[in-house]
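Below: one structure, written as structure tokens.
The values are calculated or read from the model by the stated rules, or taken from the named source; none is laboratory data. Here the structure is a predicted model, which is why all the values come from computation and not from measurement. Note that each Cβ is placed from the backbone with ideal geometry, even for glycine, and that neighbours are counted across all protein chains shown.
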Amino acid sequence: MTELHTERLVLRGWRESDIAPWAAMNADPEVREHFPDVLTREQSEASVARFRTELEQRGWGWWAVEVRATGGFIGFAGLDPVDDGLPFTGVEAGWRLARPAWGHGYATEAARAVVDFGFESLGLVEVLAVTTATNLRSQAVMRRIGMTRDPADDFDDPDVPEGPLRRNVLYRLRAEDHRPVGRVGNTGGR
Ligand SMILES: CC(C)(COP(=O)(O)OP(=O)(O)OC[C@H]1O[C@@H](n2cnc3c(N)ncnc32)[C@H](O)[C@@H]1OP(=O)(O)O)[C@@H](O)C(=O)NCCC(=O)NCCS
């Protein structure tokens, strides 16, 4: 499976030792502020099983993110085809970090590596990113990597009940507008 390496991070396959910190961050109300609920341990374990299968079968998807200097697991980042039932199709980039890992530029660094991979290795013509209208930190990551939002693309998530988390924004980055900067080197074929 492909690993993505940046100056400070490695995006890699999931290890057993990632499951406990992954479950802890998904049970943190601050990390889940812009989602309808926190996740149970079982839900986090099931998500890792899904990510592993997708990474093995496809070679890309939701990678575990590790800080190279410490070897510590800090969250996930990756690419995935957008869910069915939304008013657009394509491949979206995403990221989620444990609270202590916020404020270091790690999400932006991982996001850059992910979109570089999407354009250079997968040949995508466009990468999307979606979040709630309330999630300003995630939208800041999107803007830092050069994504732009057209308010005409805003939409209500049909899976989310009426309330502040229902309204979503869509950011786009087209291949011709992307300048690769974040990638130190990728390793494939492992
Ligand atoms: C979305 C999320 C990953 C963003 O994290 P973040 O820390 O705000 O984003 P970055 O990692 O890019 O860090 C940027 C911040 O680090 C600072 N920073 C510090 N050192 C830095 C460095 N060496 N390089 C770049 N930025 C640095 C930046 O100035 C910026 O600070 P600011 O937010 O005060 O302006 C995080 O809030 C999160 O995991 N949220 C919960 C899950 C979630 O909502 N995911 C998205 C769903 S779509």
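Results, tabulated for the structure shown:
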{"item": "Residues (aliphatic (A, V, I, L, M), more than 11 Å from the ligand (Cβ to nearest atom) and crowded, with 18+ Cβ neighbours inside 10 Å) located in region 92-127", "result": "A113, V114, V115, L124, V127"}
{"item": "Scope region 25-62; condition more than 13 Å from the ligand (Cβ to nearest atom), in contact (Cβ under 8 Å) with a residue 40 or more places away in the chain and either surrounded by 13 or more Cβ atoms within 10 Å (Cβ to Cβ) or basic (K, R) (or both); matching residues", "result": "L55, G59, W60"}
{"item": "Filter result (in contact (Cβ under 8 Å) with a residue 40 or more places away in the chain and either hydroxyl-bearing (S, T, Y) or touching a helix residue (DSSP H, G or I) at 6+ places or on another chain (Cβ under 8 Å) (or both)) within region 14-24", "result": "W14, S17, D18, W22"}
{"item": "Qualifying residue in region 74-90 (condition: more than 7 Å from the ligand (Cβ to nearest atom) and assigned to a helix (DSSP H, G or I))", "result": "no"}
{"item": "Subset of region 17-48 (residues that are assigned to a loop (DSSP other than H, G, I, E, B) and among the small types (G, A, S))", "result": "A27"}
{"item": "Wholly enclosed strands (runs of 3 or more DSSP E) of region 106-190 bearing at least 1 residues of a type in the set (F, W, Y) and modelled with pLDDT of 95 or more", "result": "167-174"}
{"item": "Which numbered condition F51 misses (of (1) in a loop (DSSP other than H, G, I, E, B); (2) modelled with pLDDT of 95 or more; (3) under 27 Å from D156 (Cα atoms))", "result": "(1)"}
